[in-house]
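Colleague: Would you mind keeping the following structure in view while I ask a few things?
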Amino acid sequence: MGASGWIVLAEELPLKHLYGVVRVAAPLAGSNPRIDDKHSRWLHLRIRPSSLPFADPSKSGAYGKVKTKALVDGRWTLAFRDEESCKSALSMILEEINLQSNELERRLKPLLDLERAVDSSNPSLRPPEAFASSSNSS
């Protein structure tokens, strides 16, 4: 299980069942998914630029190399056939965000616990009330 996730917008190929084309991908973190208040089949996502370069296969550079371009911050509005499909997509995205958050918390917990252990062993780093109570009990 990794600590990074992606939202992938793919289109199913009509003539090849279980095959499709990835149209675009964006980082999962910070996507802030929500269903539109007035259109229950619309799902809004905040899209941040990827840390990976985006290749545009329609534009080839010199020697057949594919040129890359950076994505900008923006929003996607995805329209679904029905409310249930939209709710299902929202549910899947929220589930992945939750999994990603839990994984990051799991990985950071030892670092945060170590920081607390170091702080508690150094009286100069303790809050004043904790230091005062420990010096009074001596």
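The values are calculated or read from the model by the stated rules, or taken from the named source; none is laboratory data. None of the values given here were measured: they were computed from a predicted structure. Note that each Cβ is placed from the backbone with ideal geometry, even for glycine, and that neighbours are counted across all protein chains shown.
Colleague: Which one is modelled with the highest pLDDT, of the residues in the range 79-125 that are touching a helix residue (DSSP H, G or I) at 6+ places or on another chain (Cβ under 7 Å) and of a type outside the set (A, V, I, L, M, F, W, C)? Steps first, please.
Modeller: Kept after step one, since they are touching a helix residue (DSSP H, G or I) at 6+ places or on another chain (Cβ under 7 Å), are these residues of the range 79-125: 80, 119, 123, 125.
Adding the requirement that they be of a type outside the set (A, V, I, L, M, F, W, C) leaves 119, 123.
On the way: ASP119: 67, PRO123: 62.
Ranking the qualifying residues of the range 79-125, first place goes to ASP119.
Colleague: Tell me, which residue of the range 16-34 that is modelled with pLDDT of 90 or more and part of a loop (DSSP other than H, G, I, E, B) is surrounded by the fewest Cβ atoms within 10 Å (Cβ to Cβ)?
Modeller: Once the filter is applied, the top-ranked residue is TYR19.
Colleague: When the residues of the range 40-53 are narrowed to those that are surrounded by 12 or more Cβ atoms within 10 Å (Cβ to Cβ) and in a loop (DSSP other than H, G, I, E, B), which ends up modelled with the lowest pLDDT?
Modeller: To start, the set of residues in the range 40-53 that are surrounded by 12 or more Cβ atoms within 10 Å (Cβ to Cβ) comprises 40-50, 53.
Cutting the leftovers down to in a loop (DSSP other than H, G, I, E, B) gives us 40-41, 48-50, 53.
Working: SER40: 97, ARG41: 97, ARG48: 76, PRO49: 67, SER50: 59, PRO53: 53.
So the residue we want is PRO53.
Colleague: Still on this structure, please answer the following. As an exercise: evaluate ASP37 against (1) surrounded by 12 or more Cβ atoms within 10 Å (Cβ to Cβ); (2) at pLDDT 85 or above; (3) outside any strand (DSSP E or B) and give the number of the one condition it does not meet.
Modeller: With respect to (1) surrounded by 12 or more Cβ atoms within 10 Å (Cβ to Cβ); (2) at pLDDT 85 or above; (3) outside any strand (DSSP E or B), ASP37 is out only on (1).
Colleague: On to the next question. Out of the range 1-15, which residues are loosely packed, with under 11 Cβ neighbours inside 10 Å and in a loop (DSSP other than H, G, I, E, B)?
Modeller: Matches in the range 1-15: MET1, GLY2, PRO14, LEU15.
Colleague: Still on this structure: Suppose we filter the range 1-36 for residues that are in contact with a Ser or Thr (Cβ under 7 Å, 6 or more places away or on another chain) and in contact (Cβ under 8 Å) with a residue 40 or more places away in the chain; how many remain?
Modeller: Step one: filter the range 1-36 for residues in contact with a Ser or Thr (Cβ under 7 Å, 6 or more places away or on another chain), giving 7, 26-27.
Those left that are additionally in contact (Cβ under 8 Å) with a residue 40 or more places away in the chain: 7, 26.
Selection size over the range 1-36: 2.
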